[in-house]
Every structure is written in C-alpha cells, then in structure tokens.
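Every number in this text was worked out from the coordinates using simple rules, so none of it is lab data. For clarity, every value in this text was computed on a predicted model and none was experimentally measured. Positions of Cβ are generated from backbone atoms using ideal geometry, with glycine treated the same way; all protein chains shown enter the neighbour counts.
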Amino acid sequence: MEKIRKRFKKEEIRDLTIVILLVTLIFAFPDLKKNSFLYLVVISLSMSLKHVAHKLMGDRLGCMVTFKFWPIGIGIGLMSLMLKTMYGFIFTALGYVEIIPYKFGRWGIKLIKMTPRDYAHISLAGVAVNLFLMLFFGILYTINPVGIFEIISRVNGLLAFFSLLPIPPLEGGHIFTWSLWVWVILMLFTLMTLIIV
C-alpha cells in the first residue's frame, strides 16, 4: 500500500501537464518560436520539483497531497495573455495542491488530525523550492549575467509570488491562515528579489 500511496495518480499527472503547458504559453507569449522550449524545460523542472516537495512533506505528516488544475486560475491566466501584450501583466497560479487528511493504515484508511500549521508546512515546502531557485539563480545572474540564469530566477520568483497569494485554494491561503507574519515576510522577500534581480 505504501508504494501505491506514493505514486502519482493519472489525473494528477494530467493536471500537472496541462498547467505546465499553459504556464509555458503564458511566459513565452507572444514570441512562441523563440523561447517556448526553454520556458517549457524551466517550468517543467521548477513545477515538478515544487510538487515533489509538497508530496514529501505531506508524506512526512502522514497525509495525501495531489495536484489539481484550478479552472478559475486557468481562466485568469488565459485572459492575462491579452494584458501581457499591452501592460506586461501575467497570471501563473493555474493549479494548486489538494491536501487530503488521511493515510493508509494496517486496517485501511485512517483519518488524521491536521492543524493549520500542518497545511502551511506542506504549502511552504513547495514555495520554498521556488524561492530557493529564484535566489540561487538570481545570485548566479548577478555574478555572471547569463540569460538562462535570469529566466530561471524570474520564472521561479513569479511562480512563488502567485502561489503566495492569500486566496484559497492556493498555498498562500494556508500560510496566511497559519501565520500572517510568515506570509508577509515571504511575500516581501519574493517581491524584493524579483525587483532586484
């Protein structure tokens, strides 16, 4: 049962693939021929690592974590394509992690008690991946201004920023509910790094 529990579900892989492709479209638009493949690789790795971090923390806390696409976010994201050409605005929060408070036990499914702190820690695990990649490649870019470093840093910064929005079902909603101060610090750190790099 443990091996089955740790596997990605087909629906989860489908939703993650859809979101990765749409986020790639949003970042690469309107010059799709020039940057699409580069953005696809960067976004695929960034979002996959982020989701693995969510799953590992969920596993540590004994609950299930799955990825879902967010229809409202996808609608806003696709509308942001029009705004990008005029104002440079994009929206990339097209999916979220669903935290399911149960685990497989010896006698079947066992419900576990989840606190706001637990939900926040699962959310923080994924956001931390984006923040680390943003900061690490941002520093590399300041030392050696290679375009790929800037792209990786900017993509991860924007993924972290939109994930931190305090709107359910996004990760920021869980973090905000648990600790306003942690949320404020993370959001300020993300914005400052995005501005500086």
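From zero outward in steps of 5 Å, how is the percent of C-alpha pairs of region 61-163 spread across the bins?
Reading upward from the zero bin: 2, 12, 14, 16, 16, 15, 10, 7, 4, 2, 1, 0.
Using 27 Å as the Cα-Cα cut-off, could you pick out the over-long pairs in Lys9/Lys34; Lys34/Lys84; Lys55/Lys84; Lys33/Lys55; Lys34/Lys68; Lys55/Lys113?
From Lys9/Lys34; Lys34/Lys84; Lys55/Lys84; Lys33/Lys55; Lys34/Lys68; Lys55/Lys113, over 27 Å: Lys9/Lys34; Lys55/Lys84; Lys33/Lys55; Lys34/Lys68.
In the calculated pair distance distribution of region 41-88, what percentage of Cα-Cα distances lie above 12 Å?
Values: 820 of 1128 pairs.
Tail of P(r) above 12 Å: 73 percent of Cα pairs.
What residues of region 31-61 lie in the reach of a label at Lys9, counting those whose backbone N is under 19 Å from a point 7 Å from the Cα along Cα→Cβ?
Residues 48, 51-61 qualify, since their backbone N sits under 19 Å from the label point.
Evaluate E = 1/(1 + (r/R0)^6) for Ile196 and Thr17, where r is the Cβ-Cβ distance and R0 equals 35 Å; express this FRET efficiency to the nearest 0.05. Walk me through the intermediate numbers first.
Working: r = 33 Å, r/R0 = 0.94.
The pair Ile196/Thr17 has a calculated efficiency of 0.60.
Could the peptides 177-187, 122-132 be put in order, highest first, of the mean number of other beta-carbon atoms found within 10 Å of their residues? Before the final figure, lay out each step's value.
Values: 177-187: 15.0, 122-132: 22.9.
Descending packing order for the listed peptides: 122-132, 177-187.
Based only on the alpha carbon positions, what is the Kirkwood hydrodynamic radius of the chain, in angstrom? Don't skip to the end; give the middle numbers.
Values: mean 1/r = 0.0577 Å⁻¹.
It works out to 17.3 Å.
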